[in-house]
Amino acid sequence: MTTPRLTIGLPVYNGQNYLAESMDALLAQTYTDFELVVSDNASTDGTEEICRRYAAADQRIRYIRQPHNIGAVPNHNFVLGKARGELFKWAAHDDLYGPELLARCVEALDEHPDIVLSHVDMAIIDGTGDIVHEYDYTLATDSPRAPERFRSLLMTNGGDDEYGVFRTDVLRRVRPYNSYHHAGRPFIAEVALHGPFHQVREVLYFRRDHPDRGDRLPTIRALCANLDPRRARHSTARLVVEYVWAYFAAIANAPASAADRRRCRAYLLKWFVGSAIGRLRSRSTVPLRLASDLPLAPVARETS
């Protein structure tokens, strides 16, 4: 078998309600040079049966069943570890994808060798697949200046960049996706420090909003424990401190000049002070977070 150019990693746990529809949308892509790595996190519903049926019908699918539930974040990192393609995309079992999504993203990566991630515009759909909201992507992640990309991800409302098409070698140079509070934001900020993104201005990604999503949990500790069971013993304070510290670590790990690192740290200090002052003024009991965060899911959306 030839090595596919793109790997799609699909981690899933108890996804029988939407999994087949999502896999149909991925397998119907006009761009076909991909493998689909499905990691079943020891599901207890009909997920295994669905996956085995699809894998038997399409040789592009590699189905792996975990012997026990390892948590959503380890499962997401697991599918990345199995990737053979030079390009990589995470997919969620409950989302839908326009048939040109992969083609448009790969085309952008080919046309712009400096970019590290390509994504499309996004709409939110409900349980029946009807569009309920569209997002206007306004981040400056396409800037040629690393500090500006970093600043934009700190200060501006974002989208699900985690579900774009990455260059696999970049994902393997950044620190693995983690499970502290709002881990997706520092993760994407670190990726952005390695190069610009490209946004395809077509609505081809449809993120499903439904009651059973894995991010529908009442507390930070519950959400983080769902992402990784080892987090159950960690305090909320630790989970928030790790979130803030991850930005500093991202800057330290960036292939940037000393001057660019100083600019990034200055933006980070400005954000931190502004968030702290805002919290004191409101006397909120909500832990420190980006004031501009949208109610979007982190990359790992399994329900454990």
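Some points to look at:
- Enumeration of residues in region 104-129 that are at pLDDT 95 or above, open to solvent by 80 Å² or more (accessible area, probe 1.4 Å) and not in a helix (DSSP H, G or I): Pro113, Asp114
- Selected residue [within 20 Å of Arg265 (Cβ to Cβ) and either part of a strand (DSSP E or B) or touching a Lys or Arg at 6+ places or on another chain (Cβ under 6 Å) (or both)] from Ile188, Ile251: Ile251
- Candidates Asp58, Asp45, Asp40 - the one that is of a type in the set (Asp, Glu) and surrounded by 16 or more Cβ atoms within 10 Å (Cβ to Cβ): Asp40
- Counted residues, region 133-180 - those being in a helix (DSSP H, G or I) and open to solvent by less than 30 Å² (accessible area, probe 1.4 Å): 13
- When Pro74, Pro11 are checked against the criterion of being assigned to a helix (DSSP H, G or I) and surrounded by 20 or more Cβ atoms within 10 Å (Cβ to Cβ), Pro74 stands alone in meeting it.
- Ala83 being in contact with a strand residue (DSSP E or B) (Cβ under 7 Å, 6 or more places away or on another chain), buried (at least 20 other Cβ atoms within 10 Å of the Cβ), in a loop (DSSP other than H, G, I, E, B) and modelled with pLDDT of 95 or more: yes
- Taking region 255-271 as the range and being in a loop (DSSP other than H, G, I, E, B) and either without any contact (Cβ under 8 Å) to a residue 24 or more places away in the chain or more than 18 Å from Arg173 (Cβ to Cβ) (or both) as the test, only Ser257 passes.
- Within the option set Ala222, Ala252, Ala246, being free of Cβ contacts under 8 Å to residues at least 12 places away in the same chain, open to solvent by less than 60 Å² (accessible area, probe 1.4 Å) and out of contact with any Gly (no Cβ under 9 Å at 6 or more places or on another chain) holds for one residue only, Ala222.
- Complete set of residues in region 15-54 that are under 21 Å from Phe206 (Cβ atoms) and part of a loop (DSSP other than H, G, I, E, B): Gly15, Gln16, Asn17, Tyr18, Ala28, Gln29, Thr30, Tyr31, Thr32
- Only listed residue being open to solvent by less than 40 Å² (accessible area, probe 1.4 Å), of a type in the set (Lys, Arg), touching a Cys at 6+ places or on another chain (Cβ under 6 Å) and in contact (Cβ under 8 Å) with a residue 12 or more places away in the chain, chosen from Arg231, Arg208, Arg213: Arg231
- Index of the failed condition, Thr32 passing every other in (1) under 19 Å from Glu100 (Cβ atoms); (2) within 20 Å of the chain's Cα centre (by Cα): (2)
Matching residues to (1) out of contact with any strand residue (DSSP E or B) (no Cβ under 9 Å at 6 or more places or on another chain); (2) surrounded by 15 or more Cβ atoms within 10 Å (Cβ to Cβ); (3) at pLDDT 95 or above; (4) of a type in the set (Phe, Trp, Tyr):
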{"residue": "Gln199", "(1), (2), (3), (4)": "no, yes, yes, no"}
{"residue": "Asn226", "(1), (2), (3), (4)": "yes, yes, no, no"}
{"residue": "Val240", "(1), (2), (3), (4)": "yes, yes, no, no"}
{"residue": "Ala276", "(1), (2), (3), (4)": "yes, no, no, no"}
{"residue": "Ser284", "(1), (2), (3), (4)": "yes, no, no, no"}
{"residue": "Asp293", "(1), (2), (3), (4)": "yes, no, no, no"}
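The values are calculated or read from the model by the stated rules, or taken from the named source; none is laboratory data. This is a predicted model, so every value here is computed, not measured. Using ideal geometry, Cβ is built from the backbone for each residue, glycine included, and neighbour counts are taken over all protein chains shown. Remember, those area values only see protein heavy atoms, side chains included, never the ligands or the DNA or RNA. Shrake-Rupley method; radii C 1.70, N 1.55, O 1.52, S 1.80 Å.
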